[in-house]
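The values are calculated or read from the model by the stated rules, or taken from the named source; none is laboratory data. No experiment lies behind these values; they were computed from the predicted model shown. All Cβ positions, even for glycine, are placed from backbone atoms using ideal geometry, and neighbour counts span all protein chains on display.
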Amino acid sequence: MEQTLAEKSYDHIRQMLSSGELAPGNRLVNRALANDIGVSVIPVREAIHRLASEGLVEHIPGSGAFVRKTDPQDLDNLYVLRDALESCAAGEAARYITEHQLEELESTLVEAQAITQQIKQQSNRYATKRQMNVWLDAEQRFHGLLIEAARNPLLAKVIHEHHAIGQIFDAQRTEPQLLTAEVATQTCSGKTELIEALRQRDHQRARELMSQQIQRGRKQVLRYMRGRSTR
(Lines give C-alpha, C1' and ligand atoms only; values in the text may rest on other atoms or scores of the structure.)
Protein backbone atom coordinates (compact mmCIF):
# COMPACT_ATOMS: atom_id res chain seq x y z
CA MET A 1 0.00 0.00 0.00
CA GLU A 2 1.34 3.41 -0.99
CA GLN A 3 2.26 5.69 1.88
CA THR A 4 0.21 8.87 2.27
CA LEU A 5 1.97 12.24 2.49
CA ALA A 6 0.93 12.52 6.14
CA GLU A 7 2.47 9.10 6.90
CA LYS A 8 5.61 10.05 4.99
CA SER A 9 5.84 13.27 7.01
CA TYR A 10 5.22 11.42 10.27
CA ASP A 11 7.94 8.83 9.56
CA HIS A 12 10.42 11.55 8.58
CA ILE A 13 9.83 13.66 11.70
CA ARG A 14 9.75 10.56 13.90
CA GLN A 15 13.18 9.59 12.55
CA MET A 16 14.49 13.09 13.28
CA LEU A 17 13.26 12.72 16.85
CA SER A 18 14.82 9.27 17.22
CA SER A 19 18.20 10.37 15.86
CA GLY A 20 18.32 13.44 18.10
CA GLU A 21 18.31 15.77 15.08
CA LEU A 22 15.23 17.31 16.67
CA ALA A 23 16.21 17.51 20.32
CA PRO A 24 13.88 18.03 23.32
CA GLY A 25 12.79 21.66 23.46
CA ASN A 26 13.28 22.29 19.72
CA ARG A 27 10.47 24.10 17.93
CA LEU A 28 8.90 22.32 14.95
CA VAL A 29 8.68 24.76 12.04
CA ASN A 30 6.03 23.54 9.63
CA ARG A 31 7.32 25.22 6.48
CA ALA A 32 10.94 24.20 7.06
CA LEU A 33 9.90 20.59 7.69
CA ALA A 34 7.65 20.62 4.61
CA ASN A 35 10.55 21.84 2.43
CA ASP A 36 12.84 19.21 3.91
CA ILE A 37 10.34 16.38 3.31
CA GLY A 38 9.15 17.67 -0.07
CA VAL A 39 5.47 18.08 0.81
CA SER A 40 3.06 20.92 1.60
CA VAL A 41 2.51 22.14 5.17
CA ILE A 42 -0.85 20.30 5.46
CA PRO A 43 0.55 16.74 5.84
CA VAL A 44 3.23 18.13 8.17
CA ARG A 45 0.52 19.60 10.40
CA GLU A 46 -1.27 16.24 10.40
CA ALA A 47 1.97 14.47 11.33
CA ILE A 48 2.69 16.91 14.17
CA HIS A 49 -0.86 16.50 15.46
CA ARG A 50 -0.34 12.72 15.53
CA LEU A 51 2.98 13.10 17.32
CA ALA A 52 1.31 15.38 19.87
CA SER A 53 -1.40 12.76 20.48
CA GLU A 54 1.38 10.24 21.17
CA GLY A 55 3.01 12.56 23.70
CA LEU A 56 6.16 13.18 21.66
CA VAL A 57 5.33 16.78 20.82
CA GLU A 58 3.57 19.47 22.84
CA HIS A 59 1.63 22.49 21.60
CA ILE A 60 2.22 25.73 23.48
CA PRO A 61 -0.50 28.31 22.76
CA GLY A 62 0.89 31.33 20.95
CA SER A 63 4.32 29.73 20.48
CA GLY A 64 3.86 26.59 18.37
CA ALA A 65 4.79 22.92 18.61
CA PHE A 66 7.90 21.78 20.44
CA VAL A 67 9.67 18.45 20.93
CA ARG A 68 8.59 17.33 24.36
CA LYS A 69 11.29 17.13 27.01
CA THR A 70 11.76 13.76 28.64
CA ASP A 71 9.79 13.50 31.85
CA PRO A 72 11.08 10.86 34.30
CA GLN A 73 7.53 9.99 35.39
CA ASP A 74 6.41 9.40 31.80
CA LEU A 75 9.50 7.26 31.27
CA ASP A 76 8.72 5.29 34.42
CA ASN A 77 5.18 4.66 33.17
CA LEU A 78 6.56 3.39 29.86
CA TYR A 79 8.88 0.99 31.67
CA VAL A 80 5.91 -0.40 33.59
CA LEU A 81 4.05 -0.90 30.30
CA ARG A 82 7.10 -2.50 28.68
CA ASP A 83 7.54 -4.93 31.56
CA ALA A 84 3.92 -6.07 31.37
CA LEU A 85 3.88 -6.46 27.58
CA GLU A 86 7.40 -7.56 26.69
CA SER A 87 7.72 -10.06 29.52
CA CYS A 88 4.53 -11.64 28.21
CA ALA A 89 5.97 -11.53 24.67
CA ALA A 90 9.17 -13.27 25.80
CA GLY A 91 7.16 -16.05 27.41
CA GLU A 92 5.10 -16.54 24.26
CA ALA A 93 8.18 -16.36 22.05
CA ALA A 94 9.65 -19.32 23.95
CA ARG A 95 6.71 -21.37 22.67
CA TYR A 96 6.85 -20.33 19.03
CA ILE A 97 10.29 -18.95 18.11
CA THR A 98 11.97 -20.45 15.04
CA GLU A 99 15.61 -21.39 14.57
CA HIS A 100 16.00 -18.54 12.08
CA GLN A 101 14.66 -16.04 14.62
CA LEU A 102 17.03 -17.38 17.27
CA GLU A 103 19.92 -16.87 14.86
CA GLU A 104 18.80 -13.28 14.25
CA LEU A 105 18.67 -12.62 18.00
CA GLU A 106 22.18 -14.05 18.35
CA SER A 107 23.35 -11.78 15.54
CA THR A 108 22.16 -8.67 17.40
CA LEU A 109 23.84 -10.01 20.54
CA VAL A 110 27.14 -10.30 18.68
CA GLU A 111 26.80 -6.60 17.71
CA ALA A 112 26.19 -5.67 21.34
CA GLN A 113 29.17 -7.72 22.50
CA ALA A 114 31.44 -5.98 19.98
CA ILE A 115 30.38 -2.56 21.27
CA THR A 116 30.87 -3.75 24.85
CA GLN A 117 34.48 -4.67 24.06
CA GLN A 118 35.06 -1.26 22.47
CA ILE A 119 33.70 0.54 25.54
CA LYS A 120 35.89 -1.53 27.87
CA GLN A 121 38.96 -0.35 25.95
CA GLN A 122 38.04 3.34 26.26
CA SER A 123 39.54 5.35 29.10
CA ASN A 124 36.20 6.83 30.25
CA ARG A 125 34.51 3.39 30.14
CA TYR A 126 31.29 4.64 28.57
CA ALA A 127 29.92 4.86 25.02
CA THR A 128 30.47 7.52 22.41
CA LYS A 129 27.35 8.96 20.77
CA ARG A 130 27.94 6.78 17.69
CA GLN A 131 28.33 3.65 19.80
CA MET A 132 25.17 4.53 21.72
CA ASN A 133 23.16 4.87 18.50
CA VAL A 134 24.46 1.56 17.11
CA TRP A 135 23.74 -0.10 20.47
CA LEU A 136 20.18 1.22 20.65
CA ASP A 137 19.48 0.28 17.03
CA ALA A 138 20.57 -3.29 17.86
CA GLU A 139 18.45 -3.20 21.03
CA GLN A 140 15.36 -2.19 19.05
CA ARG A 141 15.95 -4.98 16.53
CA PHE A 142 16.37 -7.50 19.35
CA HIS A 143 13.12 -6.50 21.04
CA GLY A 144 11.28 -6.24 17.71
CA LEU A 145 12.34 -9.78 16.79
CA LEU A 146 11.19 -11.06 20.16
CA ILE A 147 7.75 -9.47 19.77
CA GLU A 148 7.47 -10.90 16.25
CA ALA A 149 8.39 -14.36 17.58
CA ALA A 150 5.53 -14.21 20.11
CA ARG A 151 3.07 -14.50 17.18
CA ASN A 152 0.46 -12.34 18.89
CA PRO A 153 -0.72 -9.53 16.59
CA LEU A 154 -2.77 -7.86 19.33
CA LEU A 155 0.21 -7.73 21.70
CA ALA A 156 2.41 -6.32 18.93
CA LYS A 157 -0.24 -3.72 18.06
CA VAL A 158 -0.44 -2.40 21.62
CA ILE A 159 3.36 -2.19 21.93
CA HIS A 160 3.74 -0.40 18.61
CA GLU A 161 0.84 2.00 19.13
CA HIS A 162 2.27 3.18 22.46
CA HIS A 163 5.85 3.28 21.12
CA ALA A 164 6.76 1.65 24.43
CA ILE A 165 10.16 0.54 23.15
CA GLY A 166 11.10 3.41 20.86
CA GLN A 167 10.34 6.23 23.28
CA ILE A 168 12.50 4.73 26.01
CA PHE A 169 15.43 4.15 23.66
CA ASP A 170 15.02 7.56 22.00
CA ALA A 171 15.28 9.24 25.42
CA GLN A 172 18.72 7.66 25.85
CA ARG A 173 20.25 8.56 22.48
CA THR A 174 21.59 11.92 23.66
CA GLU A 175 22.92 10.39 26.90
CA PRO A 176 25.79 8.05 25.92
CA GLN A 177 27.10 8.19 29.52
CA LEU A 178 24.25 5.81 30.38
CA LEU A 179 25.96 3.00 28.48
CA THR A 180 28.90 2.13 30.71
CA ALA A 181 31.09 -0.93 30.37
CA GLU A 182 29.31 -2.44 33.39
CA VAL A 183 25.81 -1.81 31.99
CA ALA A 184 26.78 -3.17 28.57
CA THR A 185 28.31 -6.31 30.12
CA GLN A 186 25.21 -6.93 32.27
CA THR A 187 22.92 -6.45 29.29
CA CYS A 188 24.86 -8.88 27.09
CA SER A 189 24.88 -11.45 29.89
CA GLY A 190 21.12 -11.10 30.33
CA LYS A 191 20.52 -11.47 26.60
CA THR A 192 22.69 -14.60 26.49
CA GLU A 193 20.59 -16.16 29.26
CA LEU A 194 17.36 -15.10 27.56
CA ILE A 195 18.33 -16.62 24.21
CA GLU A 196 19.21 -19.88 25.99
CA ALA A 197 15.81 -19.91 27.75
CA LEU A 198 14.10 -19.34 24.38
CA ARG A 199 16.12 -22.16 22.83
CA GLN A 200 15.13 -24.47 25.71
CA ARG A 201 11.44 -23.46 25.27
CA ASP A 202 11.40 -22.39 28.93
CA HIS A 203 8.62 -19.81 28.75
CA GLN A 204 8.55 -19.05 32.48
CA ARG A 205 12.32 -18.45 32.60
CA ALA A 206 12.17 -16.30 29.45
CA ARG A 207 9.43 -14.19 31.00
CA GLU A 208 11.38 -13.73 34.24
CA LEU A 209 14.63 -12.84 32.47
CA MET A 210 12.92 -10.21 30.30
CA SER A 211 11.30 -8.65 33.35
CA GLN A 212 14.64 -8.55 35.18
CA GLN A 213 16.32 -6.90 32.21
CA ILE A 214 13.63 -4.24 31.86
CA GLN A 215 13.58 -3.50 35.59
CA ARG A 216 17.37 -3.21 35.68
CA GLY A 217 17.25 -0.71 32.80
CA ARG A 218 14.42 1.15 34.51
CA LYS A 219 16.47 1.70 37.68
CA GLN A 220 19.62 2.73 35.82
CA VAL A 221 17.97 5.15 33.42
CA LEU A 222 15.63 6.79 35.93
CA ARG A 223 18.42 7.19 38.49
CA TYR A 224 20.50 8.97 35.85
CA MET A 225 17.62 11.14 34.56
CA ARG A 226 16.52 12.22 38.02
CA GLY A 227 20.10 12.92 39.07
CA ARG A 228 20.62 15.06 35.97
CA SER A 229 17.46 17.09 36.62
CA THR A 230 18.71 18.08 40.09
CA ARG A 231 22.09 19.36 38.86
Pair list, Cβ under 6 Å, 6 or more apart: region 1-23 residue touching a residue at least 24 places away in the same chain (Cβ under 8 Å), other residue of a type in the set (Gly, Ala, Ser) = 6/47; 9/47; 10/47; 13/47
Can you name every residue in region 24-51 that is part of a loop (DSSP other than H, G, I, E, B) and within 15 Å of residue 167 (Cβ to Cβ)?
-> 24
Restricting region 58-71 to residues that are touching a Leu at 6+ places or on another chain (Cβ under 9 Å) and at pLDDT 85 or above, the one farthest from residue 208 (Cα to Cα) turns out to be 64
Evaluate region 80-88: report whether one residue or more is closer than 30 Å to residue 213 by Cα, modelled with pLDDT of 90 or more and of a type in the set (Val, Ile, Thr).
-> yes
Only residues that are within 10 Å of the chain's Cα centre (by Cα) and either within 13 Å of residue 210 (Cβ to Cβ) or at pLDDT 95 or above (or both): list them for region 140-159, please.
-> 143
Taking residue 115 as the residue in question, decide whether it is in contact with a strand residue (DSSP E or B) (Cβ under 8 Å, 6 or more places away or on another chain), in contact (Cβ under 8 Å) with a residue 12 or more places away in the chain, assigned to a helix (DSSP H, G or I) and buried (at least 19 other Cβ atoms within 10 Å of the Cβ).
-> no
